[in-house]
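Reviewing the structure listed below.
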Amino acid sequence: MGSMTYSSTRGDSTEVSLSEAIARGLAPDGGLYVPRQLPRIDRAALDAGRGLPALARVALRGFFDGDRLQARLGEIADAALDVPAPTTAIEASPDPLYALELYHGPTAAFKDFGARFLAESLERMRTPQEERLTILVATSGDTGGAVAAAFHRRPWVRVVILYPKGLVSPRQEQQLTCWGENVESLRVAGTFDDCQRLVKEAFVDPALGRRHRFSSANSINVGRLLPQMVYYVASSLQIERATGRPANYVIPAGNLGNAFAAVWARELGLPIERIVLAHNANRTVPDYLATGEWRPRPSIATLASAMDVGNPSNMERLRALYPDVAALRSRITADSIDDAAIRERIIADHRRLGRVWCPHTAAAAESYARLPASERSGRPWVLVATAHPAKFNEIVEPLVGSPIDVPESLARLLRLPRRVTDIAPTLGALADAIA
Ligand SMILES: *Cc1c(COP(=O)(O)O)cnc(C)c1O
């Protein structure tokens, strides 16, 4: 076996190891790291595996090949993926329908998987004399909380969270601001796109670069994508065993990190057939597939706020994999679901299926409901449930007409005091806040 190397989506042909790609986050030319080629996967070993840590050892082995973390993959998987991700049957559905529940982690959203895996990886890459790392994280709601939870009380790292003022749910905001110690929260007078831009600017700013050793924990980091593949491995194998057919996924999509992990899992040869991206009113990707023109735009605030992204970063990885739009169209489809349809879907599926969705998952459920009946019948479809509805109680409870039980891990965070600093959406303001 050779070693796996990673290079930028933007044409800089420098190849780096996995741990370097993880440490840097973004490639020097501003592109995203992708493996030089996708590794082969040992299907027989996968079929024998059960549980995320065991499956991660097999599915991710090739990605770690030759890296200094290679021998630690097992430990990293054990520590980071000790979170259930069940694929549960939705019995009340007339067609075969399942939910992949990704909200059983400490902050009740799928981003816990990536953040925890990244934290465990970075911790094992450190040398004792290394300078403290500063992780800058722009968040539209859930990333910041997941990263904070994953890195809290690891003294070798400082976490700085940037989130858009007034554009995250009250409980999300609580999860972004309740940490203290090595975690700081900056509330930016702007949108998520402003937060993401500030992080990108800080990364390439020479003066800031001399003062801080930056790293990113956003979904652009390859260390977050890898573990997200693992729940698609587990879920698709389970569906195939149960139904004899490949799984089909509808995935709530914003920056496309979660969806891209599903695409990679399918490329590795896992039994996955269709992948449908459910966007909210931020329709950059659906419009691109329809017109062939890539037109990023400012984000629009919606009920599914963690998907309010007008310029999805991981599109670069998708286009690196499928360079022309026709190829991309044959591999994924994408919908745009507006707030009214999200609301109606939460009401309808509560009544019809007895399930309560968060607004993001509801976009996926609506996208599924819009499929032609012929595509739903006989095919196992899986709705990817990206967050627990209790995180969005102020939206969901009035629609279903009853209180939602709060998972204990979330309840504990809701009791902590908040600490936050307000900043303007400028690099100068960010530089002052982290000076
Ligand atoms: C982040 C997030 C999404 C969007 O995921 P991407 O990887 O950015 O596409 C969807 N739902 C929830 C609950 C999220 O937190």
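Any read-out appearing in this document is the output of simple, stated calculations on the displayed coordinates, not a laboratory observation. In this text the structure is predicted, and so the values were computed from the model without any measurement. So basically every Cβ, Gly included, is an ideal-geometry build from the backbone, and we count neighbours across all protein chains shown.
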Check your understanding: So what are the ³J(HN,Hα) numbers for region 104-110, from phi and the Karplus equation (6.51, -1.76, 1.60; θ = phi - 60°), rounded to whole Hz, Gly and Pro as x?
Key -> 9, x, x, 10, 6, 8, 5
Exercise for review: Provide, for q = 0.18 Å⁻¹, the log10 of I(q)/I(0) from a solvent-free Debye sum over equal Cα point scatterers in region 1-80.
Suggested key: -0.77
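For Ile300, Ile90, what's the fewest-to-most ordering of other Cβ within 10 Å of each Cβ?
Values: Ile300 15, Ile90 19.
Ranking Ile300, Ile90 by Cβ neighbours within 10 Å, fewest first, gives Ile300, Ile90.
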Point to revise | Arg319 versus Leu289: modelled label distance in nm, points set 7 Å from Cα along the beta carbon direction | key: 1.7
Check your understanding: Between Arg211 and Asp78, what FRET efficiency follows from the Cβ-Cβ distance if R0 is 41 Å, with the result rounded to 0.05?
Key -> 0.70
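Based only on Cα atoms, what mean projected area does the convex hull of region 195-272 have, in nm²?
Numbers: hull surface 24.5 nm².
That works out to 6.1 nm².
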Practice item. Sticking to Cα atoms, compute the Rg of region 1-143 to one decimal and its Dmax as the biggest Cα-Cα distance, whole number, in Å. Key: 17.4, 60
Check your understanding: So what is Rg over Rh here for region 181-321, counting just Cα atoms and using Kirkwood for Rh?
Key -> 1.02
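Can you give the Kirkwood hydrodynamic radius of region 195-240 from its Cα pairs, in Å with one decimal? Walk me through the intermediate numbers first.
Values: mean 1/r = 0.0768 Å⁻¹.
Taking the inverse mean of 1/r over all distinct Cα pairs, region 195-240 comes out at 13.0 Å.
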Point to revise | Using θ = phi - 60° and Karplus 6.51 cos²θ - 1.76 cosθ + 1.60, couplings along region 405-411 (whole Hz; Gly, Pro as x) | key: 4, 9, x, 4, 4, 6, 4
Check your understanding: How many nm separate the modelled label positions at Asp95 and Ala424, each set 7 Å beyond the Cα in the direction of the Cβ?
Key -> 5.3
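Using only Cα atoms, what is the ratio of the radius of gyration of region 67-221 to 2.2 N^0.38 Å? Mind showing how you got there, number by number?
On the way: Rg = 17.2 Å, N = 155, 2.2 N^0.38 = 15.0 Å.
Region 67-221 yields a ratio of 1.15.
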Check your understanding: If you take the Cα atoms of region 118-175, find Rg, then find the Kirkwood Rh from the mean of 1/r over all pairs, what is Rg/Rh?
Key -> 1.04
Exercise for review: Based on the mean of other Cβ atoms within 10 Å per residue, sort peptides 418-427, 248-257 so the most packed one is first.
Suggested key: 248-257, 418-427
Study note, to complete from the structure: For Lys391, counting only lysines whose alpha-carbon sits under 18 Å away and dropping same-chain residues fewer than eight positions off, the answer is Lys111, Lys165
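Highest mean first, what order results for 105-113, 78-86, 139-147 on Cβ atoms within 10 Å? Can you show the working numbers first?
Details: 105-113: 27.2, 78-86: 18.0, 139-147: 29.6.
Averaged packing, sorted descending, gives the order 139-147, 105-113, 78-86.
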Review point. What percentage of all Cα-Cα pairs in the chain are separated by more than 43 Å?
Key: 6
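Take the Cβ-Cβ distance between Arg331 and Leu414 as r, set R0 to 45 Å, and report the resulting FRET efficiency rounded to the nearest 0.05. If you can, show how the numbers build up before the last one.
On the way: r = 40 Å, r/R0 = 0.90.
Here the calculated transfer efficiency is 0.65.
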Study note, to complete from the structure: In Å, the Kirkwood hydrodynamic radius from C-alpha pairs for region 362-435 sits at 16.8
Check your understanding: From largest to smallest, what semi-axes in whole angstrom does region 239-330 give when each is the square root of 5 times an eigenvalue of its alpha carbon gyration tensor?
Key -> 24, 16, 10
Exercise for review: Grab the other residues whose beta carbon is less than 12 angstrom from that of Arg187, score K and R as +1, D and E as -1, and report the net.
Suggested key: -1
Practice item. Pull up all non-local amide H partners of Leu162: gap of 5 or more, or a different chain, and H-to-H distance under 5 Å with H placed in the peptide plane. Key: Val137, Ala138, Thr139, Leu186
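Quick check on the chain: helices-only [θ] at 222 nm, where DSSP H runs of length 4 and up contribute -39,500 (n - 2.57) each and the sum goes over total residues. Nearest 500, please. Display every interim value, and only then the final one.
Numbers: 21 runs with 193 residues, N = 435.
That calculation yields -12500 deg cm²/dmol at 222 nm.
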Review point. Can you list the residues, at least 5 places off or on another chain, whose amide H is less than 5 Å from the amide H of Thr5, using H built in the peptide plane?
Key: Arg36, Gln37
